[in-house]
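Participant: The structure under discussion is supplied below as structure tokens; questions concerning it will follow.
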Amino acid sequence: MRDQARLLDADDPETRRSWWIATASMLIIFVGWGAPYVVAVALKPIAADLAVPRSIPSFATSLAYIGSGVGGIVMGWWADRVGVLWPALLGSLMVGLGAMVASGGSVWQLYVGYGLMVGLLGNSATFAPLMANSSRWFGRRRGTALALVASGQQIAGTVWPPIFRYGLDSIGWRATLVWYGVVALAIMLPLCAVLRHRPPPLSARVAAEEASRPAFPLGLPPNLVQALLCIAIVCCCIAMALPMAHLVAFCSDLGFAPARGAEMLSLLLGSAFLSRMLWGRLSDWLGGLRTVLVGTTAQAAFLSCYIFVDNLWALYAVSAAFGIGFGGIIPSYVLTLRDLFPASEAGWRIGTLLLFGLGGMAIGAWLGGYVYDWFAAYEPAFAIGVGFNILTVALVGTLVLRDSQPRQRSLLPA
């Protein structure tokens with residue numbers, strides 16, 4: 001056993017540079033994924049200023065998620081061939097400029113800025129490619145590293161909403177978007193320089209193990225496994241997006257100040273960030289698939305609480321619990337793909353998976369606004385989200401029952 005551990009250490013690509021790259025990737029994602037939270041915090045003022053229902057600005061967030069997912073497949077393919085530096089530079093530039101375009105004050109500018117620039121050409125080039133690239137720099141602690149990189153989204157949700165709330169009160173939502181774009185360009189572009197290095201090649205032993213992977217992971221055709229995971233992540237992310245996109249407005253409807261809603265959103269995403277590294281360590285031990293099952297079960301339980309709770313302090317508690325519940329789900333999905341499929345397929349498979357995940361986020365963000373416009377309440381939307389989450393648990397649970405060796409596979413430094 002000790003000899004096996006030494007062999008694994010020798011083959012593990014992890015170095016100090018690996019952690020620098022993972023940290024830089026996390027910071028780029030943190031800055032770039034601040035853009036959707038402008039709409040989350042300013043949903044009601046944007047709708048009032050543009051004289052449109054809430055589903056209109058909500059759809060801008062949906063377009064950003066859809067664009068990030070669709071573009072992620074192409075950007076992942078591009079990064080596999082030229083390295084991650086050039087896609088990251090393009091994405092950083094588009095996020096900053098897209099926020100400025102979205103501040104123009106019309107619906108079409110909001111949609112072009114968020115859907116085309118922030119989404120399709122922006123975060124698409126920083127999320128999926130950086131996740132895939134970071135996965136190639138690590139072996140046995142890949143789950144922990146992926147949790148660190150993906151936590152950029154949660155840090156964004158923790159840090160940006162209070163800043164945007166202050167900007168909204170001080171200078172309005174349009175100027176807030178402009179200044180966010182300036183800050184994004186100033187931070188993201190220099191960080192891309194850290195990504196100029198290419199991942200190390202696979203060792204001979206790991207390359208041989210890659211070649212000997214079973215043709216039918218979990219005893220199923222590989223593309224069927226991919227499809228089932230894509231369906232699961234859509235359902236999961238529909239539920240995940242509802243509080244993230246509508247918590248501020250939900251709290252305002254209950255009679256609480258918008259600042260309280262922004263604080264709850266920060267608490268929710270801060271809890272997700274603080275728990276994400278624990279989820280990452282758990283996934284290194286359990287394997288990605290079982291960690292997804294645990295996380296989605298917790299998410300369903302805590303999302304259901306929003307249907308019944310209307311007390312301020314109870315909402316703070318539910319928001320913190322919901323954040324802890326979903327904190328490790330997305331990186332665990334990515335780890336599941338790296339557990340089941342060879343590294344040579346990582347770029348397009350991860351990009352495709354995240355396309356469906358971001359599509360689920362887009363549906364959830366839009367669905368919350370649509371259901372509210374129909375019922376004048378958010379509780380029915382939360383109930384629908386719980387239903388989607390239960391479907392995720394059923395799908396992932398079925399795959400877990402077919403997974404006989406998660407522990408051994410997760411130790412391979414592929």
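The values are calculated or read from the model by the stated rules, or taken from the named source; none is laboratory data. Predicted model, so just to flag it, every value in this text is computed and none were measured. Positions of Cβ are generated from backbone atoms using ideal geometry, with glycine treated the same way; all protein chains shown enter the neighbour counts. When the accessible area is computed, the model is the full protein with side chains, heavy atoms only, and any ligands, DNA or RNA have been set aside. Shrake-Rupley method; radii C 1.70, N 1.55, O 1.52, S 1.80 Å.
Participant: Could you tell me whether any residue of the range 394-407 is modelled with pLDDT under 90, under 21 Å from ALA64 (Cα atoms) and part of a helix (DSSP H, G or I)? Even if it seems obvious, please write down each step before you answer.
Facilitator: Kept after step one, since they are modelled with pLDDT under 90, are these residues of the range 394-407: 402-407.
Still in the running and under 21 Å from ALA64 (Cα atoms): none.
Looking for residues that are modelled with pLDDT under 90, under 21 Å from ALA64 (Cα atoms) and part of a helix (DSSP H, G or I), one finds none in the range 394-407, hence no.
Participant: Please note which helices (runs of 4 or more DSSP H) are completely contained in the range 99-198 and include at least 1 residues that are in contact (Cβ under 8 Å) with a residue 24 or more places away in the chain and more than 27 Å from SER344 (Cβ to Cβ). Walk me through how you get there before you give the answer.
Facilitator: On the way: elements: 107-111, 128-135, 142-191.
Here the list reads 107-111, 142-191.
Participant: Then there's this: When the residues of the range 358-377 are narrowed to those that are over 12 Å from SER62 (Cα atoms) and of a type in the set (Gly, Ala, Ser), which ends up surrounded by the most Cβ atoms within 10 Å (Cβ to Cβ)?
Facilitator: In this case the residue turns out to be ALA377.
Participant: Please pick out the residue among GLY115, GLY83, GLY105, GLY98 that is farther than 14 Å from VAL39 by Cα and either open to solvent by less than 20 Å² (accessible area, probe 1.4 Å) or not basic (Lys, Arg) (or both).
Facilitator: GLY83
Participant: Just to verify a result, which residue in the range 246-275, among those that are small (Gly, Ala, Ser) and open to solvent by less than 20 Å² (accessible area, probe 1.4 Å), is nearest to the chain's Cα centre (by Cα)? Break it down stepwise before answering.
Facilitator: Going residue by residue through the range 246-275, those that are small (Gly, Ala, Ser) are 249, 252, 255, 257, 259, 261-262, 266, 270-272, 275.
Those still in the list that are open to solvent by less than 20 Å² (accessible area, probe 1.4 Å) too: 249, 261-262, 266, 270-272, 275.
Values: ALA249: 22, GLY261: 21, ALA262: 19, SER266: 16, GLY270: 14, SER271: 15, ALA272: 11, SER275: 14 Å.
This residue is ALA272.
Participant: Please state which one of LEU355, LEU337 is in a helix (DSSP H, G or I) and either modelled with pLDDT of 90 or more or open to solvent by less than 20 Å² (accessible area, probe 1.4 Å) (or both). Don't jump to the end; show me each part of the working.
Facilitator: Working: LEU355 fails: either modelled with pLDDT of 90 or more or open to solvent by less than 20 Å² (accessible area, probe 1.4 Å) (or both).
After applying the criteria, what remains is LEU337.
Participant: Separate question: Only one residue in LEU224, LEU220, LEU278 is under 21 Å from the mean Cα position of the chain (by Cα) and either modelled with pLDDT of 85 or more or not hydroxyl-bearing (Ser, Thr, Tyr) (or both), so which one is that? Write out each step before concluding.
Facilitator: On the way: LEU224 fails: under 21 Å from the mean Cα position of the chain (by Cα); LEU220 fails: under 21 Å from the mean Cα position of the chain (by Cα).
Going through LEU224, LEU220, LEU278 in turn, just one is under 21 Å from the mean Cα position of the chain (by Cα) and either modelled with pLDDT of 85 or more or not hydroxyl-bearing (Ser, Thr, Tyr) (or both): LEU278.
Participant: Another question about this same structure. Within the range 156-164, is even one residue at pLDDT 90 or above and open to solvent by 50 Å² or more (accessible area, probe 1.4 Å)?
Facilitator: For the range 156-164, residues at pLDDT 90 or above and open to solvent by 50 Å² or more (accessible area, probe 1.4 Å): present.
Participant: For VAL292, all conditions in the list (1) more than 14 Å from the chain's Cα centre (by Cα); (2) assigned to a helix (DSSP H, G or I); (3) hydrophobic (A, V, I, L, M, F, W, C) hold save one; what is the number of the exception?
Facilitator: Of (1) more than 14 Å from the chain's Cα centre (by Cα); (2) assigned to a helix (DSSP H, G or I); (3) hydrophobic (A, V, I, L, M, F, W, C), only one is false for VAL292: (1).
Participant: Could you list, in sequence order, all residues of the range 302-330 that are in contact with a Lys or Arg (Cβ under 9 Å, 6 or more places away or on another chain) and open to solvent by less than 10 Å² (accessible area, probe 1.4 Å)?
Facilitator: Selection gives LEU315, GLY327, GLY328.
Participant: Further question: Residues being free of Cβ contacts under 8 Å to residues at least 40 places away in the same chain, part of a loop (DSSP other than H, G, I, E, B) and not hydroxyl-bearing (Ser, Thr, Tyr): count how many of those fall in the range 211-265.
Facilitator: Residues in the range 211-265 being free of Cβ contacts under 8 Å to residues at least 40 places away in the same chain, part of a loop (DSSP other than H, G, I, E, B) and not hydroxyl-bearing (Ser, Thr, Tyr): 6 in total.
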